Amino acid sequence: GNSVTQMEGPVTLSEEAFLTINCTYTATGYPSLFWYVQYPGEGLQLLLKATKADDKGSNKGFEATYRKETTSFHLEKGSVQVSDSAVYFCALSDPGSSNTGKLIFGQGTTLQVKP
Amino acid sequence: GAVVSQHPSWVICKSGTSVKIECRSLDFQATTMFWYRQFPKQSLMLMATSNEGSKATYEQGVEKDKFLINHASLTLSTLTVTSAHPEDSSFYICSARRGLYNQPQHFGDGTRLSIL
């Protein structure tokens, strides 16, 4: 079946450090891939997306490239800020047999950025 | 754009009562809405998928008589937790999607439900 695996957290970085959060997936079809961010006590916000192989999603300094050959969608940011501290979820949307496109989430990775 | 409003954000009630949570897409028509449950420090668990005007599709293990979902219009879905008990206490999050599976889901801010 379809699945998403993220690197275990928490990830603790100093401000201005480089961030990578690994995400790999298993899918039978041609999924779309997403990164969502969740701040404490809130719902999820879409961070970026990619809908086909080699697409690069980017937003607010974050980037991720849809790599079909390695089935990966790693999240990167060149210089993190304290305000980036949150939980990050990698997800795929699978058309499925009924085309409902359920989101399948990874387990989430907590990022803590220290000043 | 793509704002989803969820209400209430926090509710505390006695065991045995029913609680209704609303999810509205404010600036787009949502062909599909989703309801999730999230336990502390865990990922989201999909409870059900609903399309406007049709019955919701529940995930395995989710009691449809316990968690009633109504998707009355393209901008409103409701989740009613019937005869709530302390084990129903959780963080419930809705999302809405315009179009097909390759479009993102947009999430509400969640509802913290505490049953005493």
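Please treat every number below as a calculation from the coordinates, not as lab data. Here the structure is a predicted model, which means the values were calculated and not measured. Note: ideal-geometry Cβ built from the backbone for every residue, glycine included; neighbour counts use all protein chains shown.
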Exposure proxy check on B:Phe67, B:Phe107: fewest-to-most Cβ neighbours within 10 Å is B:Phe67, B:Phe107
Output the pairs from A:Lys56/A:Lys102; A:Lys56/B:Lys64; B:Lys14/B:Lys64 with a Cα-Cα distance over 32 Å in this structure; if there are none, say none.
A:Lys56/B:Lys64
For chain B, just give the cysteines left without a disulfide-compatible partner, judged by no other Cys Cβ under 4.7 Å.
B:Cys13
Once you list every other residue whose beta carbon is under 15 Å from the beta carbon of A:His74, what net charge do they have if Lys and Arg are +1 and Asp and Glu are -1?
-1
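Among rounded, prolate and oblate, which fits region A:14-53 when a ≥ b ≥ c are the square roots of the eigenvalues of its C-alpha gyration tensor, a/c under 1.5 means rounded, and a/b larger than b/c means prolate?
Oblate, because a/c is 1.5 or more while a/b does not exceed b/c.
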Considering the convex hull of the alpha carbon atoms of region B:64-116, report its projected area averaged over all viewing directions, in nm², one decimal.
4.5 nm²
What lysines sit close enough to A:Lys60 to cross-link, taking a C-alpha to C-alpha distance under 23 Å and skipping anything fewer than 8 places away on the same chain?
A:Lys49, A:Lys52, A:Lys77, A:Lys114
How many nm separate the modelled label positions at B:Asp27 and B:Ala72, each set 7 Å beyond the Cα in the direction of the Cβ?
2.5 nm
How much net charge surrounds B:Leu113 when only other residues with a Cβ under 10 Å from its Cβ are counted (Lys, Arg +1; Asp, Glu -1)?
+1
With charges only on Cβ, +1 for K and R and -1 for D and E, what is the dipole size of region B:15-97 about its Cα centre, in debye, rounded to 20?
80 debye
Row for region B:6-80, column shape: gyration tensor on C-alpha, a ≥ b ≥ c, rounded if a/c < 1.5 i.e. under 1.5, prolate if a/b over b/c, else oblate; value rounded
Pairwise Cα inverse-distance average, inverted: Kirkwood Rh of the protein assembly as shown (Å):
18.1 Å
Normalise the Cα radius of gyration of region A:46-115 by 2.2 N^0.38 Å (N = residues in it) and let me know the number.
1.23
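Per residue of A:30-40, count partner chain C-beta atoms within 10 Å of its C-beta, then hand back the mean as an integer. Walk me through the intermediate numbers first.
Values: counts 2, 2, 5, 1, 2, 0, 5, 0, 6, 1, 0.
So the per-residue partner count for this stretch is 2.
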Tell me, A:Cys23, B:Cys94, B:Cys13 in order of fewest to most beta-carbon neighbours within 10 Å?
B:Cys13, A:Cys23, B:Cys94
Dipole magnitude of region A:65-115, debye to nearest 20 (Cβ charges: Lys/Arg +1, Asp/Glu -1, about Cα centre):
40 debye
Can you compute the FRET efficiency between B:Ser15 and A:Glu69 using 1/(1 + (r/R0)^6), with r the Cβ-Cβ distance and R0 = 45 Å? Round to the nearest 0.05.
0.25
Placing +1 at every Lys and Arg Cβ and -1 at every Asp and Glu Cβ, with all other atoms neutral, what dipole size does chain A have around its Cα centre, in debye to the nearest 20?
240 debye
For region A:1-90, what is one quarter of the convex hull surface built on the Cα atoms, given in nm²?
5.9 nm²
Low-density loop positions, GluC sites (Glu not before Pro), region A:7-54 - DSSP coil, at most 13 other Cβ in 10 Å
A:Glu8, A:Glu15, A:Glu16
Compare the Cα positions of B:His7, A:Tyr30, A:Thr71 along the charge dipole of the protein assembly as shown (+1 at Cβ of Lys, Arg; -1 at Cβ of Asp, Glu; about the Cα centre) and return the one farthest towards the positive end.
B:His7
Ascending count of other beta-carbon atoms within 10 Å, so fewest first, for A:Val4, B:Val11
B:Val11, A:Val4
What distance in nm lies between label points placed 7 Å from Cα along the C-beta direction at B:Gln42 and B:Thr80?
2.6 nm
Report, as an integer, the average count of C-beta atoms from other chains found within 10 Å of each Cβ along A:48-56.
1
